[in-house]
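Just below is one structure, and these are the notes that go with it.
The values are calculated or read from the model by the stated rules, or taken from the named source; none is laboratory data. Small disclaimer: the values here were computed from a predicted structure and weren't measured. Cβ placement follows ideal geometry from the backbone for every residue including glycine, while neighbour counts extend to all protein chains displayed. Each accessible area value is taken on the protein alone, full model and side chains, heavy atoms only, with ligands, DNA and RNA left out. Shrake-Rupley method; radii C 1.70, N 1.55, O 1.52, S 1.80 Å.
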2 protein chains.
Amino acid sequence: MEPASSADGPRTTGRSTLRDVAKLAGVSIATASKALNNQPQVRAETRAKVIQAAEQLSFSPNTLAQGLITQRSGTVGLLTSDLEGRFSIPILMGAEDAFGSDQTSVFLCDARGDTLRERHHLRALLSRRVDGLIVVGARPDARPSLGRDLPVPVIYAYSPSDDPADLSLVTDNVGGGRLAVDHLIRHGRRRIAHISGDPSYGAAQDRARGALDRLGEEGLPLAGDQVWFGAWSEAWGRGATRMLLQRDPDIDAIFAGSDEIARGVLDVLHQEKLAVPTQVAVIGFDNWNILAVNARPPLTTIDMNLEALGRLAAQRLFSAIDGTLGSGVETVAPRLITRESTAPLD
Amino acid sequence: MEPASSADGPRTTGRSTLRDVAKLAGVSIATASKALNNQPQVRAETRAKVIQAAEQLSFSPNTLAQGLITQRSGTVGLLTSDLEGRFSIPILMGAEDAFGSDQTSVFLCDARGDTLRERHHLRALLSRRVDGLIVVGARPDARPSLGRDLPVPVIYAYSPSDDPADLSLVTDNVGGGRLAVDHLIRHGRRRIAHISGDPSYGAAQDRARGALDRLGEEGLPLAGDQVWFGAWSEAWGRGATRMLLQRDPDIDAIFAGSDEIARGVLDVLHQEKLAVPTQVAVIGFDNWNILAVNARPPLTTIDMNLEALGRLAAQRLFSAIDGTLGSGVETVAPRLITRESTAPLD
């Protein structure tokens, strides 16, 4: 079952190979591989030629056989420090889905933010011939690069690398903040407040900036006089809402920087007998199902699109085998999930 | 970095090997390995002899070198269908902790309850020379065995295998139900109700049985006339509490079958102006921090001890290399986590 370490010579079995397909289609092996793996860099015309050649030769894209030729094992390592799996599990799922259920395996290893453990897992994954690595940090701020001398391509997801030569894929948190406030404005809210988490997180600052930008475009002030930064917890959501209501009892919407904070916001609004969404609309951030779907009422929120991010990371890793992995920080657009906590005013 | 596939011959480097240590200590290589890995089956006297020999030879227990000799790679595969990672992440952490941070890597693969995907991951893990497999199902009920012809030992954790020849490690849910009700009784509660999740789950039935057993020993009836089975959700927790309070307004405690249900219970008790815990004590199940710690008030709950379960699974897998893996279903005792939702009546 072990792919040989070198397989450049012609194969002697009767089965047709990717090499045969490429030859018949008149393209390189790399292009044939990309075409059959549905990767985006291949022109539609080329893809059609390759698929026709594969059909003509009854070529079956068996993962291991493919590995024999392209040196790919179809396996990605996911090195995470996200203790609860809350951000890394959707990234893992997206990466697995990049090429279909029987094409890719993602091995998740938990480093818990511990450098020693991370090095140990890194060695373990590399010695298992993963095709590439996705690194997910504990929080969405820059983390140390694993360095430039690794034998496989590495993509930093969710938390960018601190080395601009690395490729990082992150959520567009400024865009997420804009999206949340835009939704509230479109549905008639004018006195919008923002309660968020730990201000040392770049994501907290970015979401606030997007929110303020969108309010500014509309000529609206931020209700409550300030962004209520604090902690990423329900308890802070409750405390901040109490203070906010004392400062500005006339707010008609609260944008919460996370679904946990939003749950605390809802709790205090209920205590204060303020109807949601009739009197005050509430929008969260994360679309963490367990908190958002079961909220009373169900919570409108911003989804970071982590599955799309994982899918994109895996596609890039596999195409990088031919050296096309870029560098810098790329953002993935979040999306709005509408539920009852912001339904329009009657 | 790749360990050779066979390394029975003598090594030619100057470094001392596990074989040298075993020879000097007068024990087998397997015993020396167990002693250095802190496994429980080694007598203290033997362990001391092995450690002394290792020190004398300046033997460094490098994982890969160790793999060369014992054929062990220090790597465990964790095949899970637990979509949120809620049960598998703590099991993964426990398994990694079994032998220290730089001794074991656990590779988690997500099968999502899909047999095709599970087979694919299984092949991927086996071809990467994992020493053993931990299989975690989607729910705590029996799941199909992976079969008896696998080249490495397999332990089923959280969800038992349907083949009694396999070894399964599961939570003692009957014991958990007893523990919850025992805690309430000890603190003076007499009118205890039970709201739980989907009755098709063995865990729901087991927790209810433990609760009823403990009530029976005390000669107490179950308040609310029945176990309120429904769904594993906050929404059901809310609905069931409303019905329960209509049926029996004098309850003084509610045992919820999960922390999610408990959150719904708390929500309705607040709506009904019933003070927690003064008038009604609430206890959950799972100790899922995100829900339990931030509840209002923080939630007393039963912890399934999944990290201990993972630790035990890894220890068994490594000792099974010498053929000592047992069979049948073993239970791990849960533990009580006390917080403010059940503090004693004044």
| said: So for segment B:128-137 (the condition being more than 20 Å from B:ALA314 (Cβ to Cβ) and either small (Gly, Ala, Ser) or not in a loop (DSSP other than H, G, I, E, B) (or both)), does at least one residue qualify? | reply: no
| query | How many of the residues in segment B:173-192 are of a type in the set (Asp, Glu) and either crowded, with 22+ Cβ neighbours inside 10 Å or in the same structural domain as B:GLY113 (by TED's automatic domain parsing) (or both)? | reply | 0
| message | Quick check on this structure: which one of B:LEU325, B:LEU309, B:LEU317 is more than 14 Å from chain A (Cβ to nearest Cβ) and in a loop (DSSP other than H, G, I, E, B)? | response | B:LEU325
| message | Condition first: at the interface with chain A (Cβ under 7 Å from one of its Cβ atoms), hydroxyl-bearing (Ser, Thr, Tyr) and either touching a residue at least 60 places away in the same chain (Cβ under 8 Å) or within 28 Å of A:THR115 (Cβ to Cβ) (or both). Can you find one or more residues in segment B:101-123 that meet it? | response | yes
| Would you pick out the residues in segment B:76-99 that are more than 8 Å from chain A (Cβ to nearest Cβ) and either of a type in the set (Val, Ile, Thr) or free of Cβ contacts under 8 Å to residues at least 40 places away in the same chain (or both)? | B:VAL76, B:THR80, B:ILE91
| request: Report, by residue number, each residue of segment A:226-236 that is assigned to a helix (DSSP H, G or I), open to solvent by less than 20 Å² (accessible area, probe 1.4 Å) and out of contact with any Asp or Glu (no Cβ under 7 Å at 6 or more places or on another chain). | output: none
| field | Test: residue in segment B:285-296 that is more than 30 Å from B:GLY326 (Cα to Cα), under 25 Å from the mean Cα position of the chain (by Cα), open to solvent by 10 Å² or more (accessible area, probe 1.4 Å) and charged (D, E, K, R) | value | no
| message | For segment B:100-127, give me each residue that is of a type in the set (A, V, I, L, M) and either closer than 23 Å to B:PHE318 by Cα or touching a helix residue (DSSP H, G or I) at 6+ places or on another chain (Cβ under 8 Å) (or both). | response | B:VAL106, B:LEU108, B:ALA111, B:LEU122, B:ALA124, B:LEU125, B:LEU126
| request: Select from segment B:103-127 the residues that are in a loop (DSSP other than H, G, I, E, B) and either within 20 Å of A:GLY74 (Cβ to Cβ) or aliphatic (A, V, I, L, M) (or both) and list them in ascending order. | output: B:ALA111, B:ARG112, B:ASP114
| Given the conditions (1) β-branched (Val, Ile, Thr); (2) more than 17 Å from the chain's Cα centre (by Cα); (3) open to solvent by 10 Å² or more (accessible area, probe 1.4 Å), and given that B:THR104 satisfies all but one, which numbered condition is not satisfied? | (3)
| task | State which residue pairs qualify: first residue surrounded by 23 or more Cβ atoms within 10 Å (Cβ to Cβ) and inside segment A:158-169, second residue part of a strand (DSSP E or B) and among the charged types (D, E, K, R) in any location, beta carbons under 6 Å apart, and separation of 6 or more residues or different chains. | result | A:SER159/A:ARG143
| task | Would you point out the residue of segment A:245-277, among those that are in a loop (DSSP other than H, G, I, E, B) and under 22 Å from B:LEU266 (Cα atoms), that is most open to solvent (accessible area, probe 1.4 Å)? | result | A:LYS273
| said: So in segment A:211-265, with the set limited to residues that are of a type in the set (S, T, N, Q) and more than 14 Å from every other protein chain (Cβ to nearest Cβ), which one is farthest from A:ILE283 (Cα to Cα)? | reply: A:GLN246
| Of all residues in segment A:144-172, which are among the hydroxyl-bearing types (Ser, Thr, Tyr) and at positive phi? | A:TYR158
